[in-house]
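Report on the structure given below.
Every number in this text was worked out from the coordinates using simple rules, so none of it is lab data. Predicted model, so just to flag it, every value in this text is computed and none were measured. Quick reminder, even Gly has a Cβ in these numbers, built from the backbone with ideal geometry, and neighbours come from all protein chains shown.
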Amino acid sequence: MLKISVLLEDCDAPGFGYEHGLSLLLDSDEAVILFDTGESGVFTRNAEKMGLDLGRVTEIVLSHGHHDHGNGLAGGLPCIARKKGMRDLPPLIAHPEITLPRRFFVGVSADCPEGWMDVGINQLSLMELGKWPTRYSRAPLWLRDKIVFLGEIPQKYPHLAVRVGETPTGPDGAFEPDRLADDTALAYVTPKGLVIVAGCSHSGVVNIIEQARAVTGVNKVHALFGGLHFRDMAPAAIEQSIEYLRGLELAEVWAAHCTEHDLAGLPGQIQLKTGKIHCIDY
Ligand SMILES: [Fe+2]
Ligand SMILES: [Fe+2]
C-alpha cells in the first residue's frame, strides 16, 4: 500500500495552515518519504494535527528549487532533526541545480520597485540544507527496489515543458531563461502500474511520464499525483498533455497546486486537500 498524506496544498482547508506550496508524506512498505516542504514550514504543524510522526521519515525528496517547495526546509529540517536525532538524519535527494538563484518578473509596484521577485530557495533554507546529508543526482536514482527518483527529465517533447523565470547562468552571471533542469519527480513501481508523484511538472508532465516509463521499463501508469503547472502553458500544449493523459487510462489523478486548469473530464480525478490521506492498495 502507498499512503499519500497531503501535508500542504494551495486550497484553504479549515483547521490547517495553508499557503501556495506543496508538501506530501509518501508512506509505503519500503520507505517514508517527505516530498517537498512548502513555503513556510507550516507542513510540520499540519503533520502533527494529522497525527503523523515526521520522526519516521527515511528520505526527503525535493522536486525542484522553487520557493514554494523548498523554503519550508528552514523550519522543516530542524523539526525533523529534533525528532530523529542528529545521528539519524534522513538524506535529502535532489538535482544539484535546486540551489540556483532564480527570479520571476511580477511587474513594478511599491512593494517590488524593480519588478523582480526572488523565486529560488531562500538563504535561510540553503543554510539548513548545508548542514544536512544530501545526495544530489542528475541521473535517476533507485531509492528502494520499487521507488525511483527520476533525475533530470529528458525533453522528448520540449514544447510541453513549462519554463518560468530567469537564473544567472549566462556569461559573467548574466540572467537568462531558467531551464529548470532540476524539476523532477518520483515513480513507484506497483503491481497495478506506475504511481508518479510530481512537484510542479515544469519539465512537462508528458516528459516526466515518458522518463518514468523509460527508467522503470514499466509502461502501464496507474496514478498521477502533484502539480502540472498548466497555468503557464500554451492552450495547445495543455490540450496535447491532457490528450496524452487520457490515453493512459489513469485510474487515479490528483492534479493540484499549480495545475490551475480544468482537466476537461479526464477520468480518475480525485479531490484532496491539506489534511487528507489517500491510500493506493496493491
Ligand atoms: Fe510550485
Ligand atoms: Fe515551481
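For the stretch 192-215, which residues satisfy the criterion of being in a strand (DSSP E or B) and free of Cβ contacts under 8 Å to residues at least 60 places away in the same chain? Hits for the stretch 192-215 are 193, 194, 196.
All conditions but one from (1) under 23 Å from residue 1 (Cβ atoms); (2) touching a residue at least 24 places away in the same chain (Cβ under 8 Å); (3) more than 15 Å from the chain's Cα centre (by Cα) apply to residue 249; the one that does not is (2).
Does residue 15 satisfy the criteria of being within 12 Å of the chain's Cα centre (by Cα) and part of a loop (DSSP other than H, G, I, E, B)? Taking the combined requirement at face value, the residue does not satisfy it.
Only one of the numbered conditions (1) in contact with a Ser or Thr (Cβ under 8 Å, 6 or more places away or on another chain); (2) of a type outside the set (Val, Ile, Thr); (3) farther than 16 Å from residue 225 by Cβ is not met by residue 24, and that is (3). For the stretch 45-76, a residue qualifies if it is assigned to a helix (DSSP H, G or I), more than 16 Å from ligand 2 (Cβ to nearest atom), free of Cβ contacts under 8 Å to residues at least 60 places away in the same chain and touching a strand residue (DSSP E or B) at 6+ places or on another chain (Cβ under 8 Å), and the qualifying residues are 47, 54, 56, 76.
Residues are listed down the side, and each one gets a yes or a no for (1) surrounded by 20 or more Cβ atoms within 10 Å (Cβ to Cβ); (2) among the aromatic types (Phe, Trp, Tyr); (3) away from ligand 1 (no atom under 16 Å from the Cβ):
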{"position": "230", "(1), (2), (3)": "yes, yes, no"}
{"position": "243", "(1), (2), (3)": "no, no, yes"}
{"position": "251", "(1), (2), (3)": "no, no, yes"}
{"position": "257", "(1), (2), (3)": "yes, no, no"}
{"position": "263", "(1), (2), (3)": "no, no, yes"}
{"position": "276", "(1), (2), (3)": "no, no, yes"}
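Among all residues of the stretch 187-194, there is none that is within 16 Å of ligand 2 (Cβ to nearest atom) and at positive phi. Here residue 237 meets each of (1) of a type outside the set (Asp, Glu); (2) touching a helix residue (DSSP H, G or I) at 6+ places or on another chain (Cβ under 6 Å); (3) within 14 Å of ligand 2 (Cβ to nearest atom) with one exception, condition (3). The set of residues in the stretch 160-179 that are in a loop (DSSP other than H, G, I, E, B) and either at negative phi or among the acidic types (Asp, Glu) (or both) comprises 161, 162, 163, 164, 168, 169, 170, 174, 175, 178, 179.
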